[in-house]
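Below: one structure, written as structure tokens.
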Amino acid sequence: MRNWVLITGCSTGIGRALVPLCREAGWGVVATARDPAALADLPPGEDLRILALDVTDAASIASAAVACADLPLKALVNNAGYGQVGPLELIRPEELRAQFETNVIGLQMVTNAFLPLLRREAGARVLQVASMLGRLSIPLAGPYNASKHAVVALAESLRLEVGREVAVVLVEPGAIRTEFRETLARAWGDLPARALGTRYERVLKKYLAVRKDQSERHAMEAEACARRILGAILTERPPRRLVIGKDAFLAGKLKAILPPAWWEAILRRAYGLD
Ligand SMILES: NC(=O)c1ccc[n+]([C@@H]2O[C@H](COP(=O)([O-])OP(=O)(O)OC[C@H]3O[C@@H](n4cnc5c(N)ncnc54)[C@H](OP(=O)(O)O)[C@@H]3O)[C@@H](O)[C@H]2O)c1
């Protein structure tokens, strides 16, 4: 009997890239998306189950768990998430709450709903997709940084609580080429208008013109990122942390060795905040 993995947020990006890789490795995949129509082009097979799953909707989570009750679920990949960026001073409470509803509370509620199924399988694991921004913070991405720091904290607590039964893996990618930056642009909403006449007007213009392109240029392909995640799904001894990409690795090291004032000066300059 094959092992099964459930992946959240498979409509695009890393989640989408992971589906065929897991199937090629002989696993069954429960591919989920808010709108399952986004998964209609996946080749059908006995090794694929498509489910609707909105991680912010308790009823949707509960019915997905019921629909998987008959499967030997050995892995859960909490991948769904998006980036709410913008200067903290201009962020609305509902934007901050929505960021946490999806990236943090949704991730934990999905984990809780599937832990009883994972516990039934020896060697089961949950992979929490955080980010390099769960270990360090950059300007203009406060809500996102905070949500990913929270994912790291939740995963570390969860590992202490259930780690002997279900392994907990923190996935910490750097920049990956996906729909992430388009979604991020949508989450801007009317932020540029809110910034007009403030000290952030110029900063946001620079961010949109320069920083976004730079991170796109050096980004890793989604499939390469998904291959690293696949490794942590298949391996007998899952790692506690999976840092993906040179940028994630180097930024972590730099932050650890540089005096804080230097680190902050580099970031302020890079984002036009000096
Ligand atoms: N790309 C990067 O540079 C990068 C770096 C570090 C970490 N990450 C993390 O990697 C994960 C995947 O992102 P990605 O880069 O692959 O971006 P993406 O292409 O935008 O994919 C994000 C996925 O999350 C889904 N999603 C958003 N809100 C959801 C909700 N409430 N319920 C269920 N699904 C929801 C989206 O579905 P819809 O189509 O329905 O919106 C989409 O399938 C995220 O957690 C992100 O924070 C990305």
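The values are calculated or read from the model by the stated rules, or taken from the named source; none is laboratory data. Bear in mind the structure is a predicted one, so any value in this text is a computation, not a measurement. Positions of Cβ are backbone-derived with ideal geometry, glycine not excepted, and every protein chain shown enters the neighbour counts.
Restricting the first member to segment 1-17 and to residues that are of a type in the set (F, W, Y), and the second to residues that are surrounded by fewer than 19 Cβ atoms within 10 Å (Cβ to Cβ) and not in a loop (DSSP other than H, G, I, E, B), no beta-carbon pair is closer than 7 Å while six or more apart or on different chains.
Among the residues of segment 36-48, are any within 23 Å of A150 (Cβ to Cβ), within 14 Å of the ligand (Cβ to nearest atom) and not in a loop (DSSP other than H, G, I, E, B)? Taking every residue of segment 36-48 in turn, none turns out to be within 23 Å of A150 (Cβ to Cβ), within 14 Å of the ligand (Cβ to nearest atom) and not in a loop (DSSP other than H, G, I, E, B). Looking across P72, P87, one residue alone is in contact (Cβ under 8 Å) with a residue 60 or more places away in the chain, touching a Phe, Trp or Tyr at 6+ places or on another chain (Cβ under 8 Å) and surrounded by fewer than 17 Cβ atoms within 10 Å (Cβ to Cβ). It is P72.
Cβ-Cβ contacts under 6 Å between residues 6 or more apart (or on different chains), taken from a first residue in segment 169-190 that is at positive phi and near the ligand (Cβ under 10 Å from one of its atoms) to a second residue that is of a type in the set (S, T, Y) and part of a strand (DSSP E or B), are absent.
Hey, can you tell me all the residues within segment 204-227 that are hydrophobic (A, V, I, L, M, F, W, C), surrounded by fewer than 17 Cβ atoms within 10 Å (Cβ to Cβ) and either modelled with pLDDT of 85 or more or within 12 Å of the ligand (Cβ to nearest atom) (or both)?
Across segment 204-227, the qualifying residue is only A224.
Reported count of residues in segment 126-159, each being among the polar types (S, T, N, Q) and within 12 Å of the ligand (Cβ to nearest atom), is 4. Checking A130, A153, A122 one by one, the residue that is hydrophobic (A, V, I, L, M, F, W, C) and touching a helix residue (DSSP H, G or I) at 6+ places or on another chain (Cβ under 8 Å) is A130 and no other.
Per the conditions (1) more than 12 Å from the chain's Cα centre (by Cα); (2) closer than 25 Å to K206 by Cβ, the sole criterion not satisfied by L158 is (2).
Filtered by the rule that a residue be outside any helix (DSSP H, G or I), touching a residue at least 24 places away in the same chain (Cβ under 8 Å) and within 12 Å of the ligand (Cβ to nearest atom), segment 55-69 gives V55, T56.
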